Amino acid sequence: MILKIMQVYIPGFIKKQKLKELFLLTADAFSCDAPEIKHDSFEQGLTTYALFTKEQAEAYLKTGQPLEVVKKRLYLNSLAWGKDLRKLIGVKTWEDAASAMQVIYKMIGIDFHCDNDGNVIINQCFFHQHYSYEVCQIISALDDGVAAGLSDGGSLQFQQRITEGYECCKGRFFKK
């Protein structure tokens, strides 16, 4: 029922709360503080999130540490968040998870489409204007974690990205 409602309307205060949670789990993965967005509109907060994640990922890249370390932290934090969303929204099936992904990603400016075979196409992405390919690779660990949490063990993997110069992102949303 909640998923059906979300496909039509998500109140602003809920969008802002979920964005704040996304900030916190991302900041935790990068071992830093999240910027304050309580006085920002959702749209301003989303731009701040894009700039924050870009800055943190670029700083991490400069350390020379293995990317898998921060990607694993991003994945695990977003996995827990995805599981919470699964319960909150009432996701029962992989198809529900794919629908929830579409709604969640639409909320943050990503045109996410997934067919019944798990083929994913993203024609537009708010974040591509801020991210390099390398930053996108790191931050997409969040996508995989959310997908795994929502689908109770599935995974989301990309074969091509807008940030690589392609017209769209293509990937697969694998079932458990």
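The values are calculated or read from the model by the stated rules, or taken from the named source; none is laboratory data. Bear in mind that the values here come from a model prediction, so they are computed numbers and not experimental data. Please note: Cβ atoms are built from the backbone with ideal geometry, for glycine as well, and neighbour counts cover all protein chains shown. Side chains included, ligands, DNA and RNA excluded: accessible areas come from the protein's heavy atoms. Shrake-Rupley method; radii C 1.70, N 1.55, O 1.52, S 1.80 Å.
Going by what's in this entry, would K72 be described as more than 19 Å from L85 (Cβ to Cβ), part of a helix (DSSP H, G or I) and open to solvent by 90 Å² or more (accessible area, probe 1.4 Å)? Even if it seems obvious, please write down each step before you answer.
Details: more than 19 Å from L85 (Cβ to Cβ): yes; part of a helix (DSSP H, G or I): yes; open to solvent by 90 Å² or more (accessible area, probe 1.4 Å): yes.
Judged against the criteria, K72 is a match.
Here is a yes/no grid of residues against (1) among the charged types (D, E, K, R); (2) loosely packed, with under 14 Cβ neighbours inside 10 Å; (3) over 18 Å from L25 (Cα atoms):
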{"position": "P35", "(1), (2), (3)": "no, no, no"}
{"position": "K38", "(1), (2), (3)": "yes, yes, no"}
{"position": "G82", "(1), (2), (3)": "no, no, no"}
{"position": "C114", "(1), (2), (3)": "no, no, yes"}
(request) Considering only residues that are without any contact (Cβ under 8 Å) to a residue 60 or more places away in the chain and closer than 15 Å to K71 by Cβ, look in the stretch 144-160 and name the one that is most open to solvent (accessible area, probe 1.4 Å). (result) Q157
(request) Please tell me if I110 is open to solvent by 40 Å² or more (accessible area, probe 1.4 Å), among the hydrophobic types (A, V, I, L, M, F, W, C), modelled with pLDDT of 95 or more and touching a strand residue (DSSP E or B) at 6+ places or on another chain (Cβ under 7 Å). (result) no
(request) Starting from the stretch 45-67, take each residue that is under 15 Å from S132 (Cα atoms) and among the basic types (K, R) and list its partners that are open to solvent by less than 50 Å² (accessible area, probe 1.4 Å) and part of a loop (DSSP other than H, G, I, E, B), counting only C-beta distances under 9 angstrom and pairs at least six apart or across chains. (result) K54/H130; K54/Y131; K54/S132
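Of all residues in the stretch 161-171, count the ones that are open to solvent by 20 Å² or more (accessible area, probe 1.4 Å) and within 28 Å of K87 (Cα to Cα). Step through it out loud before you land on a result.
Our first condition is that a residue be open to solvent by 20 Å² or more (accessible area, probe 1.4 Å); within the stretch 161-171, this holds for 161-167, 170.
From what's left, within 28 Å of K87 (Cα to Cα): 170.
So the count comes out to 1.
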